Amino acid sequence: KQIVKYIFFFIIIIFFYFTKMIKKETIINLVTEHFAGTDKFLVDVKILKGSVIEIYIDAPNHILIADCVALSRFVEGNLDREKEDFELQVSSPGATEAFKVVAQYKKYVGTKVKTVTKEGVKHEGILISANDDEFVIEETRREKKPVGKGNHTVVENITLTYNQTKETKSVLPF
């Protein structure tokens, strides 16, 4: 009998925890509404333990601190702290973070990137194009000459779909 009480109590706590928890879809909808008609886009939303909400945003050119502040105020203004207390963090993704959305690929056309396919094949080169289905990297490498001694430069365009790709990152010039 005592165990049944504890199980029932545990189920009630879990039920209230998950019904009060802020949903990722709610945040995505709010960001989409806020950015409607702009060139800004959502990269990722994470809901962490302790009701910490992380929102990552970007734009074709750059994100300003004012953009993050405006979005933060909009999201906070549309959530009820009386129902659920939360911590909200809005930022752009780090320069060395893996791309998560197609818009990031489009943003970085003309820059150097590194990509790893799901099969583990690595490519590094200039991202020369990106559309909704695939992207193209111009890879330049040194290979042995087929005839004679020495090496020669080979330039190859590598076309990959997003489904083939495990990870793509921008390479920072130093």
### Task
Starting from the amide H of Ser92, placed 1.01 Å from N in the peptide plane, find each other amide H under 5 Å away whose residue is 5 or more places distant or on another chain.
Ile57
### Query
Which of Pro60, Pro93, Pro146 moves the most in a Gaussian network model of the chain with Cα springs under 10 Å?
Pro146
### Message
Taking the Cα centroid of the stretch 118-174 and of the stretch 56-112, what is the distance between the two, rounded to the nearest whole Å?
### Response
29
### Point-to-point label distance, Glu97-Phe74, nm (Cα→Cβ direction, 7 Å offset)
1.8
### Query
Asp44's amide H: which non-local residues (gap 5+, or another chain) put their own amide H closer than 5 Å, with H modeled 1.01 Å from N in plane and none for Pro or chain starts?
Tyr56
### Message
Projecting each Cα onto the charge dipole of the stretch 33-174 (Lys/Arg +1, Asp/Glu -1 at the beta carbon, about the Cα centre), which of Leu42, Pro146, Ile53 comes out farthest on the positive side?
### Response
Pro146
### Message
To make sure I understand the rule: partners must be lysines, Cα under 21 Å from the Cα of Lys114, and not fewer than 8 residues away in the same chain. Which ones qualify?
### Response
Lys100, Lys106, Lys122, Lys166, Lys169
### Query
Using every alpha carbon pair in the chain, what percent of pairs falls into each 10 Å bin from 0 up to the bin containing the largest distance?
8, 27, 24, 19, 11, 7, 3, 1, 0
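A short reminder: the numbers here are calculations on the coordinates, not readings from a lab. Since the structure is predicted, the reported quantities are computational estimates derived from the model, not experimental observations. Positions of Cβ are generated from backbone atoms using ideal geometry, with glycine treated the same way; all protein chains shown enter the neighbour counts.
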